[in-house]
There are 2 protein chains.
Amino acid sequence: MSVPILLVLEADPPPRLGRLTGRAEIRYADDRSLAAELPHADALLVWDFTSDAVRHAWPGGGPRPRWVHTPSAGVDRLICPEFTDSDTVLTNARGIFEQPIAEYVAALVLAMAKDVPGSLELQRQRRWRHRESLPVAGSRAVVVGAGPIGQAIARTLRALDVEVALTGRTARPGVHGAEDLDRLLTLADWVVCAAPLTEATRGMFGARRFALMRPSARFVNVGRGALVVEDELVTAVTERHIAGAALDVFEEEPLGPGHRLWDVPGLIVSPHMSGDTVGWRDRLGEQFVGLFELWSAGKPLPNVVDKKRGYVPSHDS
Amino acid sequence: MSVPILLVLEADPPPRLGRLTGRAEIRYADDRSLAAELPHADALLVWDFTSDAVRHAWPGGGPRPRWVHTPSAGVDRLICPEFTDSDTVLTNARGIFEQPIAEYVAALVLAMAKDVPGSLELQRQRRWRHRESLPVAGSRAVVVGAGPIGQAIARTLRALDVEVALTGRTARPGVHGAEDLDRLLTLADWVVCAAPLTEATRGMFGARRFALMRPSARFVNVGRGALVVEDELVTAVTERHIAGAALDVFEEEPLGPGHRLWDVPGLIVSPHMSGDTVGWRDRLGEQFVGLFELWSAGKPLPNVVDKKRGYVPSHDS
């Protein structure tokens with residue numbers, strides 16, 4: 001019996017894939033060649049998870065891989081109706097990014113509470129200006145998105161004695177349903193968006209919801225850029241409907257040098273790095289090799305995405 | 001019986017002191033008039049805790065107040081041998097600054113781990129440059145100073161799953177003695193200085209100890225500037241003996257615009273603000289009024305500083 005064909009969307013070999021030598025025939029594709037290679041692949045590793053080539057190539061003719069893995073938490077760049085309707089199993093990188101993203105959110109919350117950006121700017125100007133900072137313990141956060149990343153963020157903020165409400169699509173123990181979100185927003189000092197990008201969540205943070213928030217509230221997005229109507233966030237920050245925001249994700253990535261988001265006072269911009277701690281690529285490679293071993297042995301895979309919903313369903317949802 | 005004379009070192013009335021109307025004769029002094037007023041005061045509130053006028057005025061002639069309160073954690077600016085040898089009771093602001101300072105340290109640790117300064121600088125330059133960040137969970141910290149502030153810092157870092165060793169003057173349960181410090185420094189990712197400034201601790205962080213630290217380690221000082229030999233810290237950071245540092249306190253405060261510490265790459269400077277969350281002055285006024293009520297009723301005071309040691313001894317030391 002011949003070994004399965006593993007197609008990798010990426011120019012350079014991902015770490016750890018050498019371990020599959022002899023157990024898979026590994027082929028590489030780029031955005032341009034993907035459509036031609038797709039019918040021959042048994043499995044597809046979308047190592048370049050910033051590409052939307054899969055979504056574009058998938059509807060073409062011919063057989064499709066039985067298994068697709070993306071080394072990311074979100075699957076919004078991959079999914080198209082034909083893929084969703086197929087029998088192909090889609091897995092994601094659940095387990096890799098939770099803790100790093102939770103720490104990154106804590107870093108942003110604390111940086112805003114303690115005005116680290118203000119201190120750095122004053123340092124640049126060589127100006128000593130004492131300011132009062134905000135306490136974090138006892139403040140209130142709403143974390144939007146009750147998947148493992150939202151859960152980790154909630155856990156980390158609670159460790160700092162922040163009172164956290166977690167909201168998801170539907171209510172379950174410890175999680176508020178979407179119907180509670182607007183009310184919770186009116187109470188929050190921190191609103192953290194860590195939701196999957198789906199047709200239900202696209203643009204969920206716009207002028208209406210920023211208007212519900214307190215003028216002292218700050219908004220953090222570590223989910224996907226398109227969860228936020230960016231122009232309306234700029235207005236909300238600029239006109240002080242809210243006190244500030246930090247974005248790690250954007251509708252257009254990378255942000256071009258001329259993008260208006262770079263210099264909105266009160267808005268912190270970082271380059272989609274919240275989940276990426278030293279060694280992350282190795283861990284993703286390791287995870288894929290583990291999944292490949294299960295898959296090639298015909299065993300059930302963890303981290304299977306519900307393609308209709310656009311995320312891995314929680315065990316207790 | 002006449003009411004006691006409360007001398008306040010400060011131009012403007014501190015918050016909450018109105019509550020003492022009729023129960024104290026409140027007089028105000030500045031650095032210049034303090035020496036002349038001191039012999040007439042029953043109690044002294046050093047509201048301007050940045051002043052060193054008490055240390056200079058104390059040795060002069062005449063009676064001295066029976067009680068001195070400083071609305072700060074450290075008492076290094078007040079103490080002189082004559083004060084130490086006197087029967088005057090000295091109290092400090094124990095209980096007010098612990099949680100804010102602990103959060104501030106967490107903010108600095110997370111900011112350095114996630115390179116928030118780098119992201120802000122790149123944002124200023126409108127440059128998208130993805131970097132890998134450091135995990136905080138599982139990293140190791142040494143917190144130097146096992147008083148309530150050091151304890152709070154340890155608690156907060158542990159909540160972020162940092163492995164924390166706390167060091168004090170003498171070993172006790174949960175606290176390493178000074179003899180363990182050098183060994184612990186060789187293992188730490190984060191070294192946080194929150195010790196009181198005494199003759200035993202002055203200059204405790206200099207070239208020798210920075211050389212013990214790992215090249216990847218970062219140093220944070222929220223204690224007192226003179227705990228650190230600043231020039232040797234600059235050398236350690238500049239020559240990459242350590243990876244970075246954040247100072248909230250300095251030998252000379254405020255830092256003048258020409259001070260060399262403002263622009264050392266890898267060094268974060270903030271203006272002695274770690275403990276000062278919104279409402280801190282009200283809380284300090286509140287605390288003093290409570291202490292005054294105990295004192296004027298002849299009851300024992302909490303927060304009594306061991307003037308010889310230079311801090312409030314821990315209950316379990």
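The values are calculated or read from the model by the stated rules, or taken from the named source; none is laboratory data. None of the values given here were measured: they were computed from a predicted structure. Using ideal geometry, Cβ is built from the backbone for each residue, glycine included, and neighbour counts are taken over all protein chains shown.
Candidates in segment B:271-315 are the residues that are in a loop (DSSP other than H, G, I, E, B) and touching a Pro at 6+ places or on another chain (Cβ under 6 Å); of these, the one that is nearest to residue A:133 (Cα to Cα) is B:275.
Quick check: is even one residue across segment B:107-120 outside the structural domain of residue B:42 (by TED's automatic domain parsing) and in a loop (DSSP other than H, G, I, E, B)? Scanning segment B:107-120 turns up at least one residue that is outside the structural domain of residue B:42 (by TED's automatic domain parsing) and in a loop (DSSP other than H, G, I, E, B).
For segment A:223-267, residues that are charged (D, E, K, R) and away from chain B (no Cβ under 14 Å) total 6. Annotation note: Cβ proximity below 8 Å between a residue of segment B:193-210 that is assigned by TED's automatic domain parsing to the domain that holds residue B:109 and of a type in the set (Gly, Ala, Ser) and a residue that is part of a strand (DSSP E or B) and surrounded by 22 or more Cβ atoms within 10 Å (Cβ to Cβ) (sequence gap 6+ or interchain) occurs for B:194/B:143; B:194/B:144; B:195/B:144; B:203/B:228; B:206/B:228.
Out of all the residues in segment B:75-91, is one or more touching a strand residue (DSSP E or B) at 6+ places or on another chain (Cβ under 9 Å), buried (at least 24 other Cβ atoms within 10 Å of the Cβ) and within 30 Å of residue B:218 (Cα to Cα)? Yes: segment B:75-91 contains one or more residues that are touching a strand residue (DSSP E or B) at 6+ places or on another chain (Cβ under 9 Å), buried (at least 24 other Cβ atoms within 10 Å of the Cβ) and within 30 Å of residue B:218 (Cα to Cα). Note on segment B:109-124: residues that are crowded, with 24+ Cβ neighbours inside 10 Å, more than 7 Å from chain A (Cβ to nearest Cβ) and farther than 16 Å from residue B:216 by Cβ total 0. Across segment B:254-311, the number of residues qualifying as charged (D, E, K, R) and over 18 Å from the mean Cα position of the chain (by Cα) comes to 6. The residue that is surrounded by the fewest Cβ atoms within 10 Å (Cβ to Cβ), among those in segment B:189-209 that are over 22 Å from residue B:75 (Cα atoms) and not aliphatic (A, V, I, L, M), is B:208.
For every residue, the table says whether it meets (1) under 23 Å from residue B:115 (Cβ atoms); (2) within 14 Å of chain A (Cβ to nearest Cβ); (3) in contact with a Pro (Cβ under 9 Å, 6 or more places away or on another chain).
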site: B:196; (1), (2), (3): no, no, no
site: B:200; (1), (2), (3): no, no, no
site: B:211; (1), (2), (3): no, no, no
site: B:215; (1), (2), (3): yes, no, no
site: B:221; (1), (2), (3): yes, no, no
site: B:269; (1), (2), (3): yes, yes, no
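The set of residues in segment A:158-173 that are within 18 Å of residue B:152 (Cβ to Cβ) and surrounded by 20 or more Cβ atoms within 10 Å (Cβ to Cβ) comprises A:160, A:162. Contact map, segment A:279-303: first residue over 20 Å from residue A:13 (Cα atoms) and more than 14 Å from every other protein chain (Cβ to nearest Cβ), second residue among the polar types (S, T, N, Q) and surrounded by 20 or more Cβ atoms within 10 Å (Cβ to Cβ), Cβ cut-off under 7 Å, separation 6 or more or different chains; pairs are A:301/A:91; A:303/A:91; A:303/A:92. Could you please find all residues in segment A:248-280 being surrounded by 14 or more Cβ atoms within 10 Å (Cβ to Cβ) and under 19 Å from residue A:152 (Cβ atoms)? A:248, A:249, A:270, A:272, A:273, A:274, A:275, A:276, A:277, A:280 - these are the residues of segment A:248-280 that are surrounded by 14 or more Cβ atoms within 10 Å (Cβ to Cβ) and under 19 Å from residue A:152 (Cβ atoms).
Within segment B:132-157, the residues that satisfy the criterion of being farther than 18 Å from residue B:175 by Cα and surrounded by fewer than 24 Cβ atoms within 10 Å (Cβ to Cβ) are B:132, B:134, B:135, B:137, B:138, B:139. If only residues of segment B:156-188 that are of a type in the set (A, V, I, L, M) and within 14 Å of chain A (Cβ to nearest Cβ) are counted, the one that is farthest from residue A:100 (Cα to Cα) is B:164.
Restricting attention to segment A:230-273, the residues that are touching a residue at least 12 places away in the same chain (Cβ under 8 Å), out of contact with any strand residue (DSSP E or B) (no Cβ under 7 Å at 6 or more places or on another chain) and under 20 Å from residue A:204 (Cα atoms) add up to 13.
Does any residue of segment A:134-150 turn out to be within 20 Å of residue A:99 (Cβ to Cβ), assigned to a helix (DSSP H, G or I), within 14 Å of another protein chain (Cβ to nearest Cβ) and within 22 Å of the chain's Cα centre (by Cα)? Spell out the reasoning first.
Restricting attention to segment A:134-150, the residues satisfying the condition of being within 20 Å of residue A:99 (Cβ to Cβ) are A:136, A:141, A:143-150.
Narrowing further to those that are assigned to a helix (DSSP H, G or I): A:148-150.
Retained after the next criterion (residues that are within 14 Å of another protein chain (Cβ to nearest Cβ)): none.
No.
Of the helices (runs of 4 or more DSSP H) lying entirely inside segment A:156-260, those containing at least 1 residues that are farther than 23 Å from residue B:126 by Cα and modelled with pLDDT of 95 or more span A:181-185, A:207-212.
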